[in-house]
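First the structure, in the form of structure tokens, and then the observations on it.
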Amino acid sequence: MFNVLISVDKTAWETDQLMRMDVHRFKEFSDGSEAQSVSLHKPDTLKLLETVPSLLMYVRATEGPNTDAARYGNLSEITLAGVELVFRFKEEGRIPMAVVREFADRLGVDEWEQNRTHWAIKDGGISALCVCTPPPRPRIVVTSQAGFHTPATHPRDARWERTRALSRRPGPQHL
């Protein structure tokens, strides 16, 4: 079992805060047997959806900076709040939409479905698509007193890079 969430809103998945889906769109295109075990009328069953992988993507015609890739990861804290399901998403990687479209038949996501905002629960898995790229991470650049730039993820890394660079220079070295 896995989740497919598709939105026409080009910023729907561009947050690390709560995300939302209209309850009237929940379980659309969910024809398989595994989806039958999940019900809005039994909130405990929503926990099942937190144990399976999820794809978050945009409707085909949506234009925006991140609409060319599906996000791969896991949902958490799924809660019914009025006419919406609210949840969090932990992204583990991205899959180019060209790859998703290539495997659409195996995923059970037809072309019509790719053009509608909804939350589907699909039978099977998405392991064949898990050749995904990690989510983008901010690059940290540290400028040393010596005046050169070095990429670093931790201040200790920057000191090591600076020490290594200075050790190659002739003359007095000040750390």
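Any read-out appearing in this document is the output of simple, stated calculations on the displayed coordinates, not a laboratory observation. Model, not experiment: these values are computed from the prediction. When we count neighbours, we look across all protein chains shown, and the Cβ atoms used for this are built from the backbone with ideal geometry, even at glycine.
Arrange Ser54, Ser33 by Cβ neighbour counts within 10 Å, fewest through most, would you? Present the calculation step by step, with values, prior to reporting the outcome.
Details: Ser54 24, Ser33 8.
By the 10 Å Cβ count, ascending: Ser33, Ser54.
Tally Lys/Arg at +1 and Asp/Glu at -1 over every other residue whose Cβ is under 13 Å from the Cβ of Glu113; what's the total? Before the final figure, lay out each step's value.
On the way: positive: Arg25, Lys27, Arg60, Arg101, Arg116, Lys122; negative: Glu28, Asp31, Asp105, Asp110, Glu111.
Computed value for this residue: +1.
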Can you work out the Karplus-derived ³J(HN,Hα) for every residue in the range 2-15? Use 6.51 cos²θ - 1.76 cosθ + 1.60 with θ = phi - 60°, whole Hz, and x for glycine or proline.
8, 9, 10, 10, 10, 9, 8, 6, 5, 10, 4, 9, 9, 8
Fewest first, what order do Arg20, Arg71 take by the number of other Cβ atoms within 10 Å?
Arg20, Arg71
Kirkwood Rh, Cα Rg: Rg to Rh for the range 1-116?
0.93
Karplus couplings for the range 35-48 from phi (6.51 cos²θ - 1.76 cosθ + 1.60, θ = phi - 60°), rounded to Hz, Gly and Pro as x?
5, 5, 7, 10, 8, 5, 6, 10, x, 4, 6, 5, 4, 4
Going fewest to most other Cβ atoms within 10 Å around each Cβ, Lys47, Lys27 line up as Lys47, Lys27
